[in-house]
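A.B. asks: Pasting a structure here, questions to come.
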Amino acid sequence: MTSGFENKMIDDFFQKLHMGADGIYGSLNLNEEQSEEIALREKVADEVSDDFMRDISNSHSIPVMDYEVCRILNNLPRNAVIVDVGGCWGWHWRKLNLIRSDVKVIIVDFVRANLLHAKTLLGNVINESVFLVHGDATKLELPDESVDCYWSVQALQHVPNYNKAIDEACRVLKHGAMFHNYSLNNQWPIRKLYDLLGKSYVVKGHVNGSFFVDRASDEQKKYVEKVFENKVIERWSEILYKPELHIIFAGKEGTFSGFIDSKLSNCLGLFKFIARQRSFHCVK
Ligand SMILES: C[S@@+](CC[C@H](N)C(=O)[O-])C[C@H]1O[C@@H](n2cnc3c(N)ncnc32)[C@H](O)[C@@H]1O
């Protein structure tokens, strides 16, 4: 039996990977550096409401990211394979079959409970066009030069060894394939406002003694350019969406403000100081 991938290397990879009774591939035993984060996220995953999209709009702009997903999908080769690292509930791929039914996505996340939510949210595309792998960004286990696109949204910002995750990204991508990583931006006007309000704004470190966060930086950009031996194109997104200021109207699905926000995303550096996300895009 095959897993349905046209790509022989990926097909072989899934043949060898054990699938649990829960329909999720692989099993991650240990991540010492982020063990506290895993425990915390497992707990948060237990408390999720049954309105996934509402919960998502509290921390991500759905219209903005839907637009970003569409942009990358439309530029992929036929039968492309995407690896979504830290893909969590997999909501980016809920319209995959409508946009590019030939494309397959492998979601890797180190919190199994999040992958179980992805299974519920995505329904019957699981193990047809979207595959769930319990794994680690710093040790992907996919074969060398096997995927056509690396996609990661607000996940690598939590990985203390960012460079190791980038090395892995470069290893698994084919030559000519695209790397996309969206992280939180260091928005100095918001940082100043937080200072005035006496609130803590973490650029790099632990947030309230819990998650580690490392916002997108020039240092990270330089490392990507070094490893990929290519220029990084930067992009700024989530200009109107500001959950840190409790402004989340542009995050909801189907809203006009969300539509406007998706159109404000740009590579020109416009609104770069207030954009919530700064992303790096690079060809291998
Ligand atoms: C802020 S959430 C973002 C989720 C998703 N990308 C999105 O846009 O909705 C970060 C996700 O990254 C995952 N994550 C963090 N560090 C990871 C690592 N080292 N390996 C795999 N997944 C990781 C977390 O479990 C969580 O699901």
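Computed from the coordinates by the stated procedures, all read-outs in this text should not be read as laboratory data. What you see is a predicted model, and the numbers here were worked out from it, not measured in a lab. Here the Cβ positions follow ideal geometry from the backbone for every residue, glycine too, while neighbour counts run over all protein chains shown.
A.B. asks: Is it possible to state the helix-based mean residue ellipticity at 222 nm for the chain, with each DSSP H run of 4+ residues giving -39500 (n - 2.57), the sum divided by total residues, to the nearest 500 deg cm²/dmol? What is it?
C.D. replies: Roughly -9500 deg cm²/dmol at 222 nm, from the helical runs in the chain.
A.B. asks: Using amide H atoms built 1.01 Å from N in the peptide plane, name the residues 5+ places from ALA177, or on other chains, whose amide H lies under 5 Å from its own.
C.D. replies: LYS284
A.B. asks: Would you please put 60-68, 231-239, 47-55 in order of how densely packed they are, using the mean number of other Cβ atoms within 10 angstrom per residue and starting with the highest?
C.D. replies: Result, highest mean first: 60-68, 231-239, 47-55.
A.B. asks: Which ³J(HN,Hα) values, rounded to whole Hz and listed in residue order, are derived for segment 213-223 from phi using the Karplus coefficients 6.51, -1.76 and 1.60 in 6.51 cos²θ - 1.76 cosθ + 1.60 with θ = phi - 60°, glycine and proline given as x?
C.D. replies: For segment 213-223, the Karplus-derived couplings read 10, 10, 5, 3, 9, 5, 4, 4, 4, 4, 5 Hz, x marking Gly and Pro.
A.B. asks: Tell me which residues come under 5 Å, amide H to amide H, from VAL130 once H is placed; ignore anything under 5 positions away on its chain.
C.D. replies: The list, which skips near neighbours in sequence, is VAL105.
A.B. asks: I would also like to ask the following. So if we plug the beta-carbon distance of VAL203 and ASP11 into 1/(1 + (r/R0)^6) with R0 = 51 Å, what FRET efficiency do we get, rounded to 0.05?
C.D. replies: 0.75
A.B. asks: Under the Karplus relation 6.51 cos²θ - 1.76 cosθ + 1.60, θ = phi - 60°, what is the ordered set of whole-Hz ³J(HN,Hα) values for segment 196-203, x standing for Gly and Pro?
C.D. replies: Rounded to whole hertz, the list is 4, 7, x, 9, 8, 10, 8, 8.
A.B. asks: Applying a 10 Å radius around every beta-carbon, put 77-85, 218-226 in order of their mean neighbour count, most first.
C.D. replies: Output ranking for 77-85, 218-226: 77-85, 218-226.
A.B. asks: So, one more: Net charge around LYS104, counting only other residues with Cβ within less than 10 Å of its Cβ (Lys, Arg = +1; Asp, Glu = -1)?
C.D. replies: Its environment carries a net charge of -3.
A.B. asks: Turning to a different aspect of this structure: Quick check on packing: order 185-194, 87-96 by the mean number of other C-beta atoms within 10 Å, highest mean leading.
C.D. replies: 87-96, 185-194
A.B. asks: Once you put a point 7 Å from the Cα of LYS43 and another 7 Å from the Cα of VAL213, both along the Cβ direction, what distance in nm separates them?
C.D. replies: It works out to 1.8 nm between the two label points.
A.B. asks: Quick check of the Kirkwood formula: for the chain, what is the inverse mean of 1/r over all pairs of different Cα atoms, in Å?
C.D. replies: Taking the inverse mean of 1/r over all distinct Cα pairs, the chain comes out at 19.2 Å.
A.B. asks: Turning to a different aspect of this structure: What does the net charge come to around LEU122 if you take all other residues with beta carbon closer than 10 Å to its beta carbon, with K and R at +1 and D and E at -1?
C.D. replies: Every neighbour counted, the sum reads +1.
A.B. asks: Could you derive backbone 3J(HN,Hα) for segment 25-40 from the dihedral phi with the Karplus parameters 6.51, -1.76 and 1.60 (θ = phi - 60°), listing whole Hz in sequence and x where the residue is Gly or Pro?
C.D. replies: 7, x, 7, 8, 8, 8, 9, 4, 5, 10, 4, 5, 5, 4, 4, 5
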